[in-house]
Amino acid sequence: MVVYHLDKHRLQLPRLTQPLEEAEIPFLVLNLEGDLATQSAVRRDSSGRKLPLVFIAGECVGGREALHELDRCGLLRKKVWG
């Protein structure tokens with residue numbers, strides 16, 4: 001699980017990662033500031049969605065709202081652990 005963001009999003013990260021921490025799901029937070037190649041790849045792989053974004057097993061699940069919705073529906077753990 002990877003959370004991609006830019007410097008301007010760092011204050012949003014605690015709210016974004018809260019469901020992951022509560023479910024004890026390990027994740028990596030990567031700041032893409034200045035990494036134009038990775039920003040381009042993330043943009044391509046997310047169909048142009050805006051950062052911050054969460055990827056699970058290489059699939060973009062979206063941002064904060066999408067992650068919280070997966071958690072509310074009980075699908076977050078299933079998506080992570082199979």
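The numbers here are math on the coordinates, done by the rules we state, and not lab data. No experiment lies behind these values; they were computed from the predicted model shown. Don't worry about glycine lacking a Cβ; one is built from the backbone with ideal geometry, like all the others, and counts go over all protein chains shown.
Percent of Cα pairs in the chain per distance bin of 10 Å, from zero to the largest separation: 18, 56, 24, 2. Once each of the trypsin sites (Lys or Arg not before Pro) sitting in a DSSP loop with at most 15 other beta-carbon atoms within 10 Å is removed, the chain keeps 11-48 as its longest stretch. Shown is the FRET efficiency for Leu36 and Val2, computed with R0 = 25 Å from the Cβ-Cβ distance and rounded to the nearest 0.05: 0.90. All C-alpha pair distances within segment 37-82, sorted into 10 Å bins from zero, spread as 27, 50, 21, 1 percent across the bins. Taking 0.36 nm per residue of sequence separation and removing the Cα-Cα distance, the Val29/Glu59 pair yields an extension gain of 9.3 nm.
When the chain is treated as a Gaussian network with alpha carbon springs shorter than 10 Å, the biggest mean-square fluctuation among Leu36, Leu16, Leu51 belongs to Leu36. Counted residue by residue at 0.36 nm each, then reduced by the alpha carbon distance between them, the extension gain from Glu22 to Ala66 reaches 14.2 nm.
Placing +1 on the Cβ of every Lys and Arg and -1 on the Cβ of every Asp and Glu, with nothing else charged, gives the chain a dipole about its Cα centre of roughly 240 debye. Once backbone amide H atoms are built at 1.01 Å from N, Val29 has Val3 as its partners under 5 Å, excluding neighbours fewer than 5 places away on the same chain. Take every Cα pair under 8 Å whose residues are at least 6 apart in sequence, average their separation, divide by the length of the chain, and the relative contact order is 36 percent.
Looking at the chain, the GluC sites (Glu not before Pro) that sit in a DSSP loop and have at most 14 other Cβ atoms within 10 Å of their own Cβ are Glu24, Glu33.
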